[in-house]
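Here is the structure we will look at, set down as structure tokens.
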Amino acid sequence: MDNKRITIALAGNPNSGKTTIFNNLTGSRQHVGNYPGVTVEKKEGFRCFKDQELLIVDLPGTYSLTAYSPEEVVARNFVVQDNPDVVVDIIDASNLERNLYLATQLLELEIPMVLALNMADVAESWGIKINDELLAQKLGVSVVRTVGSRNQGMEELLEIAVTKKARSGSCNINYGVDIEGALEKLEPLLAVAHQELKFPKRWLALKLLENDKDIIEHVKKISGGEATVRTAAEARAALQKKLGEDPEMLIADLRYRFIGVLCREIVIAKNTDAVTISDKIDKVLTNRALGLPLFLGMMWLVFNLVFTLGAFPQGWLEKGVELLGSWFGQNLAEGDLKSLIVDGVIGGVGGVIVFLPNILLLFFAIALLEGTGYMARAAFIMDRVMHKVGLHGKSFIPLLLGFGCSVPAIMGARTLENPRDRLVTILVTPLMSCSARLPVYTVLISAFFGEHIAGNVLFSIYLLGIVLAIVMARIFRSVFFTGSTEPFVMELPPYRIPTLRSIVTHMWERSVLYVQKAGTIILAISIIVWFLTNYPSEVQYSKDYEGLVAQSKTAFTVQVDEEIAQPLKITNIEEHLAFQAVVTKISKVEEDFKAKSENLQEGSPELDALKSEKEISLRKIQTVESALYGPASRYTELKGKLDDNKDKLDKEQTGEKLAQSYAGRAGKVIEPIIAPVGFDWKMGVGLFAAFAAKEVLVSTLGTIYSVGAADENSIPLKEALALDPAFNPLVAYSLMVFVLIYSPCLPTIAVIKRETNSWKWAIFSSVYSTMLAWVIAFIVYQGGKLMGFGG
Amino acid sequence: MEKIILGLIGVAAIYFVVRNLWKEAKGEVKCACSHSGCSNSDENKKGCCDK
């Protein structure tokens, strides 16, 4: 043991604090949460302790070694097949009786073991006192008190594991004359199985009586195994006949009786019937009438905060990106390289990076949801609704996790025992709005919806995702996966205040991930989109734009000469200082008015006030410059018209160039399909590119609008969108609905394939959701138009 | 010169995106967050004994 790596497996019931202890022992930052089923795959970490290298394995939680769900199979297989040197059974001390069930099964395996009485502080605060010395004596194993959240007891735990103090215990459960008789009969037949499978004979015999499918398969493969399995089946039938109950149930019952007796000896409990704070909170939060409205109210609050609070830092970042764009714009030599950096990279990546604060706020809310224990309550509240669609409340946890990212959410469906429920949950999870879609919503909402309804619009999109997931689950359940609903059994953990460390870690990791994504895949796609929107550089225009600009300039010069210069007898009006000074004064007043009145509505008192202010300023100029005011005013008017016309022609020209670019041509091909839902080719190109990652829609639009901008000044994407006539609030909402529903991103499709072990379901998920997206967006857009929301 | 730089950037971007998408399609790219289900063999070797 001294010269090799020691493998320590952390086993235990779900939500007993295994991952927290794993993080403490290894310095890892694995995700923790206060609900059962956070860990669905085993995690490995290393630690050096007293010159000994330790491989510490965090296993998914399991209630027993008779595994039901896939993540329980992972835990059981590791303990049973991988022969770890020591198993640390982490026991929630505040829930001793139920947690000891797994301990008794591990003891029967006769493997070196340590019991960690975790959350000992919580147990004590509830008045539960455990005589750990007596427990260690009764079970024959070492017992250590730990408080994972405060990093207490870790050294003692390792000390025992490393210094060979971990030993195989014994619990000597007497299963009664009949079962013991059957065990005695089976044990001699399992000598070869014991040699080959390395499990104790008694444990193998018990598993055969419990009808454990996995062990039966293993025994069958051994010579003479078929006969042993047949004998075990006969013994099971005989026991069932004699005792009137399934031996599996009887064995479980007898284990619980043993634990009951043990607990009476080792636990001194006070006030166990007292109503805890968790109970009091639950009376309100899981109340039959109040539970659902409170859940929806909390969601509404979260999305409003994500939008309104996030808007401030988002504005600062926008300003920063704008300044960066302007700096590069001014300091780089004219050419394609400058356009690539300013329009492609800054326009694309910058457009995505500004939403980092909103993403962080969303993950802060998710961390609270997971850490406090409300996640399990949400599942409980939604159980009634989920039952109506043929699933149960547990399926709602992966759906809620989907607000963060669909990949871990889909893997979270492993906690569902029934493969049918699991598949339906996997298929509807991508309908939940993941964080990658948040930038799309935020940019569209800030461009087209007023601040007063922004949070509600965002909430409506998230709610639509939940409703659609439920409706689709109902459809899948009645079309593809018929069958009865499983009962919902899930423990509600006590409410806890999440540690600051876990929240900050969670948010930090998400921000690193987001910035990483922006700096890699989004950057690369933005560069490709820039090329596709900028080339071919030689374009056949429908009009002679340069000629038209020159023509309007000539017309301006002639008009100025006839109407102003000749009557005033000025030969060169452009260089006439006195005249140009009056023109500058008038232009300044006009520009000030334009800038201030931009966001004001016609007829509003603010606009009226600005108008009178402008009139007063102009009158002042008129009084001082009475001779030149009239002609200068006319000159300003003509100049304004000339500039407007030039802008219009420039925009038309860049629009035409963009439409003839490779991206434009490709977009035009798909435009007929997306036109009925209100989208033009630009949105089509964005949606196509966003198949790689949903945020790419924002970066793609950012690049397209930057390339398509007629002037040099970079403006935030939301402003560019607001100025585009192809957009209006209805189109924006339809686009949000489409983004919410259409095909999951590629990593999600890959994980669906991995979890269902079939490309068929992965492709189905992509196809059905895209078709559904089109149908719902069509209803929204065409319905909205019929109701007069077309804008 | 500018054309050469642009060409190189373009080729590198296409290579990166295609490689990434291909790996993702094969399920090789691990999600980097710590959530169980992501990064399935996240081995933290900090503090390991020197061999």
- Note on the structure: Within the range A:597-621, residues more than 26 Å from A:THR584 (Cβ to Cβ) and of a type in the set (Ser, Thr, Tyr) come out as A:SER604
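Being of a type outside the set (D, E, K, R) and under 13 Å from A:ALA11 (Cβ atoms): is that true of A:LEU117 here?
Details: of a type outside the set (D, E, K, R): yes; under 13 Å from A:ALA11 (Cβ atoms): no.
Spelling it out, it is not the case that A:LEU117 is of a type outside the set (D, E, K, R) and under 13 Å from A:ALA11 (Cβ atoms).
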- Message: Given the criterion within 46 Å of the chain's Cα centre (by Cα), on the phi > 0 side of the Ramachandran plot and loosely packed, with under 15 Cβ neighbours inside 10 Å, identify the matching residue among A:LYS198, A:LYS213, A:LYS221.
- Response: A:LYS198
- Note on the structure: Subset of the range A:499-524, residues under 15 Å from B:ALA12 (Cα atoms) and more than 7 Å from chain B (Cβ to nearest Cβ), comes to A:GLY519, A:THR520, A:ILE522, A:LEU523
- Going by the conditions given, is A:PRO430 more than 14 Å from every other protein chain (Cβ to nearest Cβ), in contact with a Ser or Thr (Cβ under 6 Å, 6 or more places away or on another chain), under 22 Å from A:PHE364 (Cα atoms) and in contact (Cβ under 8 Å) with a residue 40 or more places away in the chain? yes
- Query: Can you name the condition, by its number, that A:ALA11 falls short on among (1) more than 9 Å from chain B (Cβ to nearest Cβ); (2) part of a loop (DSSP other than H, G, I, E, B); (3) closer than 30 Å to A:ILE366 by Cα?
  - Reply: (2)
- Note on the structure: When A:VAL767 is run through (1) within 21 Å of A:GLY402 (Cβ to Cβ); (2) crowded, with 21+ Cβ neighbours inside 10 Å; (3) among the aliphatic types (A, V, I, L, M), the failure sits at (2)
- Restricting to the range A:389-441, what's the tally of residues that are more than 18 Å from the chain's Cα centre (by Cα) and either hydrophobic (A, V, I, L, M, F, W, C) or under 26 Å from A:GLY686 (Cα atoms) (or both)? 5
- Item | Hits in the range A:241-269 (condition: part of a strand (DSSP E or B) and in contact with a helix residue (DSSP H, G or I) (Cβ under 8 Å, 6 or more places away or on another chain)) | A:VAL267
- Query: Taking the range A:769-791 only, how many residues are among the hydroxyl-bearing types (Ser, Thr, Tyr) and either touching a residue at least 40 places away in the same chain (Cβ under 8 Å) or in a loop (DSSP other than H, G, I, E, B) (or both)?
  - Reply: 2
- Note on the structure: A:GLU41 vs (1) at pLDDT below 85; (2) under 16 Å from A:SER149 (Cα atoms); (3) among the acidic types (Asp, Glu): all pass except (2)
- Among the residues of the range A:487-503, is any within 23 Å of the chain's Cα centre (by Cα), crowded, with 19+ Cβ neighbours inside 10 Å, within 30 Å of A:GLY347 (Cα to Cα) and of a type outside the set (S, T, N, Q)? no
- Task: Answer with yes or no whether A:LEU59 is in contact with a Cys (Cβ under 9 Å, 6 or more places away or on another chain), modelled with pLDDT of 90 or more and crowded, with 21+ Cβ neighbours inside 10 Å.
- Result: no
- Restricting attention to the range A:706-714, does a residue exist that is modelled with pLDDT under 95 and assigned to a helix (DSSP H, G or I)? yes
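Can you name the helices (runs of 4 or more DSSP H) wholly within the range A:296-405 that have at least 1 residues being buried (at least 24 other Cβ atoms within 10 Å of the Cβ)? So that I can check it myself, show each step before the final result.
Numbers: elements: A:336-339, A:347-353, A:356-372, A:374-388, A:396-401.
Filter on the range A:296-405 gives A:347-353, A:356-372, A:374-388, A:396-401.
Would it be correct to say that A:ALA409 is crowded, with 24+ Cβ neighbours inside 10 Å, in a helix (DSSP H, G or I) and among the small types (Gly, Ala, Ser)? Show your work before the answer.
Working: crowded, with 24+ Cβ neighbours inside 10 Å: yes; in a helix (DSSP H, G or I): yes; among the small types (Gly, Ala, Ser): yes.
Against the criterion (crowded, with 24+ Cβ neighbours inside 10 Å, in a helix (DSSP H, G or I) and among the small types (Gly, Ala, Ser)), A:ALA409 qualifies.
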- Considering every residue within the range A:701-723, establish whether at least one is under 29 Å from B:LYS26 (Cα atoms) and free of Cβ contacts under 8 Å to residues at least 40 places away in the same chain. no
- Among the candidates A:ILE527, A:ILE573, A:ILE564, single out the residue that is within 13 Å of another protein chain (Cβ to nearest Cβ) and not basic (Lys, Arg). A:ILE527
- Query: Before we move on, is A:LEU687 modelled with pLDDT of 90 or more and either more than 13 Å from chain B (Cβ to nearest Cβ) or touching a helix residue (DSSP H, G or I) at 6+ places or on another chain (Cβ under 8 Å) (or both)?
  - Reply: yes
- Task: Mind checking which helices (runs of 4 or more DSSP H) fall wholly inside the range A:27-128 and carry at least 2 residues that are within 14 Å of chain B (Cβ to nearest Cβ)?
- Result: A:70-81
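Is it true that some residue in the range A:484-493 is of a type outside the set (A, V, I, L, M, F, W, C), without any contact (Cβ under 8 Å) to a residue 60 or more places away in the chain and more than 14 Å from chain B (Cβ to nearest Cβ)?
Residues of the range A:484-493 that are of a type outside the set (A, V, I, L, M, F, W, C), as a first pass: A:484-487, A:491, A:493.
Still in the running and without any contact (Cβ under 8 Å) to a residue 60 or more places away in the chain: A:484.
Narrowing the set further to residues that are more than 14 Å from chain B (Cβ to nearest Cβ) leaves A:484.
Scanning the range A:484-493 turns up at least one residue that is of a type outside the set (A, V, I, L, M, F, W, C), without any contact (Cβ under 8 Å) to a residue 60 or more places away in the chain and more than 14 Å from chain B (Cβ to nearest Cβ).
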- Message: So A:ALA120 ticks every box in (1) at pLDDT 85 or above; (2) hydrophobic (A, V, I, L, M, F, W, C); (3) buried (at least 16 other Cβ atoms within 10 Å of the Cβ) but one. Which box is left unticked?
- Response: (1)
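The values are calculated or read from the model by the stated rules, or taken from the named source; none is laboratory data. Keep in mind that this is a model prediction, so the values were computed, not measured. Positions of Cβ are generated from backbone atoms using ideal geometry, with glycine treated the same way; all protein chains shown enter the neighbour counts.
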